[in-house]
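In what follows, a single structure is set out as structure tokens and then discussed.
Where a number appears in this text, it was derived from the coordinates with a stated rule and is not lab data. The model shown is predicted, which means the values in this text are computed figures rather than measured ones. All Cβ positions, glycine included, derive from the backbone under ideal geometry; neighbour counts span all protein chains shown.
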Amino acid sequence: MMVSCSDDGDKVTTKESILNIKSESNHNLTQVGFSELIHNKDLTWSSFDNPSKDGWDSEHFANKAQDQLSVITNIIKGTDPTTDIKPVTEKVLFTTIRPESLDLVYSDKNFQVHRQNAKPLNINKGAELFLKNLNNSEISTSEEIQVKFKIIDVELSKNEFKSTQLYSVSFRTKESITDERSVWEITWDVNQKKELKISSLNVIDYERTIRKSSEKLFSDCTESIFSGNSSYKEQLSKGVNEWLEKLPAYAMLNRFGTPGMAIGDINGDGLEDLYLCQEPGIPNKLFLQNKNGTLRDVSKEWKVDWLEDSRSALLVDLDNDGDRDLVVAMYGNIVIAVNEGNKIGYEIVSVIPTSESTSSLSAADYDLDGKLDIYVCCYAPNKSSDAVAVQPMGATARRFVYHDDNNGPENFLLKNETDSGKTISFRNVTDETSINTNNRRWSFAASWEDFDIDGDPDLYVANDYGRNNLYRNDGGTFKDVAAELGVEDSASGMSVTWADYDLDGRQDLYVSNMFSAAGSRITSQKEFKPDADLGTRKRFGRFTRGNTLFRNTSEGFIDTSENAGVTMGRWAWGSRFVDLNNDGWQDLVVANGYLSAADNSTGDL
């Protein structure tokens, strides 16, 4: 059973199990039985997803517990028309679900944050009082409500089942928006019919955040900014599901729906412009910003409406002439186009062969010669989706070490050797700079930063399926010091961002991974990989924890993720440090989700 995954709190899934359904439906597929499911209409998903049949009684009861938590969810939301108290025993013991004795830990003109203090909560008894605690009119009568439970740990004995779950509720009234989060420790009574009822509940780590206005912090202005262009309705307003059914998909990354973007002032008017990469067969887009904040499509006029599969882009000055040139990672190549300045438009000056699945680009002057160099991240091995000889992708492939794979494609470091005549050119210096060490991972993202404050930029690379890299720049050559400094963060790395979050003068590091409630439950059970050593089991368990915050100190890095409360970013594709409220402290924004339900029932985003 594969576990490093995001989930809806109930079932286990992976990127690969989703992606391989269509690509392998006409081939022998024995790993999870998708082929049989597709071709036999009498079979149901429950025929395959049967934890009890597979010997996972703990997961069987976790599913039953989730059903009861759904009943509790309806009571909290006020959508249960009855006073049915099926989820609990008559003599249930429980602490207060919404504690009132809280400490104020943060306050400004927009927010107040209160947290549970060390004072013990009162113990309450009885089903009727429990129901009263759940049925809070402030929540149930609010205008918008979202309630979610994620079971993250379970323990099964003969007549008792224990579960630990993350609980969150958000609701909006006419005066405010409230977000409450806590951890519920539940003991379930198991009767002779194997039915579950809560016999005790302990609430810990309660936190309440109140937005002192019912207005949202951000407004979606996409349509108002783009709608003056026909390409908005015809192209940009459609999602990846639309294009996957119509367009060829060459590389594994096409199924992820992650074409990149770049922002920069390309025409020197002081306004930031936008370049959008697109899926194969759909033209890339370049938008100039108007003075009123709207955007106009100049893709064709500027000669950059390329149809090739594009994953990432940079708008940077490569020839030091004062305007921004364009770098685009395409299927198998890096395209470099010079900004022609007064001529209005870009001209392709170089096409550099790379991997079929180039995932991202980052630029810095690593050798301090005054010219920007480029680091190229690559994800999957070439021909991983060759139509002639279909191969399983990622963790479903043979000889794949899920928790520590080292058979991915090479990343590249390209040195800028633009001459005095302004002819842009690059040379591959991956080997000669020693940045080829540990360079066969599945890389999603990289970011440059002078973490050791010695005057040159160092590089952190976030890798899927295992260890990350921190390449320390030693005067133009590199050494991977990730293990030495404790920042390998062996998990499903998908993005990286730097900032001095504690204001000590050193740049700290935040890495986006995947949080999985189901994975967290499973990897802690004795049934999971019983023949593996403890170290390997812990490595798998680490995949489920989520995002990581590393504090940079004079002695190296310290993992402060759990103390800071920043691990649960769900299926986190990207993150950024940013000072949202202009108070001088760096906040975190995490972009998450994948193929979410139309009603956003997963709570992502």
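Key figures
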| quantity | calculated |
| --- | --- |
| Three semi-axes of the equivalent ellipsoid, the range 206-304, Cα gyration tensor, whole Å, largest first | 27, 23, 13 |
| Hull-based mean projected area of the range 57-211, where the convex hull spans the alpha carbons, in square nanometres | 9.4 nm² |
| Cβ-based net charge around residue 417, under 14 Å, with every Lys or Arg adding one and every Asp or Glu removing one | -3 |
| Volume in Å³ per residue [convex hull over Cα atoms, computed for the range 468-597] | 148 Å³ |
| Packing-based order for 174-187, 231-244, 458-471, using average beta carbon neighbours within 10 Å, highest first | 458-471, 174-187, 231-244 |
| Cα-centred dipole magnitude for the range 57-211, charges only on beta-carbon of K, R (+1) and D, E (-1), debye, nearest 20 | 120 debye |
| Whole-Å distance, taken between Cα centres, linking the range 437-515 and the range 171-208 | 38 Å |
| Computed E for residue 340/residue 234 - FRET, C-beta separation, R0 35 angstrom, nearest 0.05 | 0.80 |
| Protection proxy ranking, peptides 56-65, 196-205, 525-534, average beta carbon neighbours within 10 Å, highest first | 56-65, 196-205, 525-534 |
| Calculated from backbone phi, Karplus (6.51, -1.76, 1.60) coupling profile of the range 174-190 in Hz, x at Gly/Pro | 5, 9, 7, 10, 10, 10, 10, 9, 7, 10, 9, 9, 10, 10, 9, 7, 10 |
| Interatomic Cα distance distribution for the range 82-150, bins of 5 angstrom, percent | 3, 12, 17, 19, 24, 14, 7, 4, 1 |
| Protection proxy ranking of 476-486, 262-272, 511-521 - average other beta-carbon atoms within 10 Å, highest first | 511-521, 476-486, 262-272 |
| 14 Å beta-carbon shell around residue 582, net charge (K/R +1, D/E -1) | -3 |
| Nonlocal amide H pairs with residue 198, under 5 Å, H built at 1.01 Å | 88, 89, 189 |
| Using distinct alpha-carbon pairs, which all enter the 1/r mean, Kirkwood radius of the range 482-534 in Å | 14.0 Å |
| From phi via Karplus (6.51, -1.76, 1.60), per-residue ³J(HN,Hα) for the range 577-594 in Hz, x at Gly/Pro | 6, 7, 8, 5, 10, 6, 9, x, 10, 7, 9, 10, 10, 10, 8, 9, x, 7 |
| Backbone HN-Hα couplings from phi across the range 498-503 [Karplus 6.51/-1.76/1.60, Hz, Gly and Pro as x] | 10, 5, 8, 6, 9, 6 |
